[in-house]
Amino acid sequence: MGPLSERITIQMSNALSHLSPEKLAEIELHSKKARRNKRWHDFLEMVGNHSILIALSAIFFLPLYLVIVISLMSKGQAETRSIWPSPFMWSNYVEVFTLVPFMKWTLNTLFVSVMGTIGVVVSSVPPAYVLSRLRWRGRNTTFVIILGTMMLPGQVTMIPVYIIFSKLHWIPSFLPLIVPTFFSSAFSIFLLRQFFTSIPDEISDAARIDGCSEFKLMMRIVVPLAKPAIAAIALFAFLGSWNDFFGPLLYLVENEDLCTLGIGLNAFQGLHHVQTNMLMTASALFMAPVIIIFFFSQKVFIEGVTLTGVKG
């Protein structure tokens, strides 16, 4: 504190010492009001700056809110315009498992999703490493061709792929949903390749000088550094398999014991379309694992997606 500040402080103290207690109390009251008004002004400014985001969040949250609320209502109340359950029917979440084989659908979906996620991760890391960390003739051309496969709609290859699986006698079974994931994904290769490119070449060069092979270099150095990107493609793969409806409908519908949640919910809607509360209960259970997984992995997921664009 400089001499000027000390002089000002002394003058203020002297001025306040000559004021009456009533005047001091009035000054303190005005000071509290000023601080309160400033906090309120800052809050309103924050709300104004984020009003669009708040409105969009409310729009996206409303369907989820309605699903959860209606799932806790009785059948009669679900047919009204009520927006709050009275009473809460927690028994709906038990009853849905007795109406349909919901547990079997969940286990089937979980099996396909986990195996598909493993297949995508295992098959995407090596080609992404080769396209990003090794120098060879035709590397860029190969990468462009891989990206070009992303432009090909699945409906174009649907019939020939179905014929192939039919000739292999894989229908109905989980194999048509799992085996293709072990042949990699163009999007996953692209995402990992972008992340691998951002890793400094000096790290790889130092490992090669120490006698490290390319496989050990990939598994012990590059893969641990790329955990955020790998987590991102794993989450994409799991969500894609969990929410898939067309694939199971095409390959599993002939065997009811192999039905996944997507097919099961469609059948459930046909059987219990008048029971809105039970339909919303089944939908809430279907969404719950996805929401939980994303909630606990969102930090790694966002980091992986963000860092893939650091270097191209």
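The values are calculated or read from the model by the stated rules, or taken from the named source; none is laboratory data. From a predicted model like this one, the values you see are computed outputs, not experimental measurements. Positions of Cβ are backbone-derived with ideal geometry, glycine not excepted, and every protein chain shown enters the neighbour counts. Keep in mind that these areas ignore ligands, DNA and RNA; they rest on the heavy atoms of the full protein, side chains included. Shrake-Rupley method; radii C 1.70, N 1.55, O 1.52, S 1.80 Å.
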Next on the checklist: Considering only residues that are over 14 Å from Ala128 (Cβ atoms) and of a type in the set (Phe, Trp, Tyr), which ones fall in the stretch 194-214?
Outcome noted: none
Checklist outcome for this item: Subset of the stretch 186-230, residues surrounded by fewer than 12 Cβ atoms within 10 Å (Cβ to Cβ) and of a type in the set (Val, Ile, Thr), comes to Ile209
Item to check | Residue in the stretch 132-141 that is β-branched (Val, Ile, Thr), modelled with pLDDT of 90 or more, buried (at least 18 other Cβ atoms within 10 Å of the Cβ) and in a helix (DSSP H, G or I) present | outcome: no
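Residue-by-condition table, conditions (1) more than 28 Å from the chain's Cα centre (by Cα); (2) aliphatic (A, V, I, L, M):
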site: Leu217; (1), (2): yes, yes
site: Ile230; (1), (2): no, yes
site: Phe238; (1), (2): no, no
site: Thr276; (1), (2): no, no
Checklist entry - Before we move on, is Phe183 exposed (fewer than 14 other Cβ atoms within 10 Å of the Cβ), touching a residue at least 60 places away in the same chain (Cβ under 8 Å) and within 24 Å of Val121 (Cβ to Cβ)? => result yes
Item to check | Search result, residues across the stretch 152-163 that are modelled with pLDDT of 85 or more and loosely packed, with under 12 Cβ neighbours inside 10 Å | outcome: Ile159, Pro160, Ile163
Checklist entry - Is there any pair linking a residue in the stretch 93-120 that is under 17 Å from Ile230 (Cβ atoms) and touching a residue at least 40 places away in the same chain (Cβ under 8 Å) to one that is open to solvent by 20 Å² or more (accessible area, probe 1.4 Å) and outside any helix (DSSP H, G or I), with Cβ under 7 Å and at least six apart or on different chains, and which? => result Val120/Ser185
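Residue-wise test of (1) within 14 Å of Phe111 (Cβ to Cβ); (2) touching a residue at least 12 places away in the same chain (Cβ under 8 Å); (3) within 26 Å of the chain's Cα centre (by Cα); (4) part of a helix (DSSP H, G or I).
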site: Ala234; (1), (2), (3), (4): no, yes, yes, yes
site: Pro248; (1), (2), (3), (4): yes, yes, yes, yes
site: Ala267; (1), (2), (3), (4): no, yes, no, yes
site: Gly270; (1), (2), (3), (4): no, no, no, yes
Checklist entry - Is at least one residue of the stretch 163-174 closer than 21 Å to Ala234 by Cβ, touching a residue at least 24 places away in the same chain (Cβ under 8 Å) and within 31 Å of the chain's Cα centre (by Cα)? => result yes
Item to check | Candidate set from the stretch 272-312 (those that are open to solvent by 60 Å² or more (accessible area, probe 1.4 Å) and outside any helix (DSSP H, G or I)); member that is modelled with the lowest pLDDT | outcome: Gly312
Next on the checklist: So for the stretch 122-129 (the condition being open to solvent by 80 Å² or more (accessible area, probe 1.4 Å) and within 17 Å of Ala237 (Cβ to Cβ)), does at least one residue qualify?
Outcome noted: yes
Checklist entry - Mind checking whether some residue in the stretch 82-100 is of a type in the set (Val, Ile, Thr), assigned to a loop (DSSP other than H, G, I, E, B) and open to solvent by 90 Å² or more (accessible area, probe 1.4 Å)? => result yes
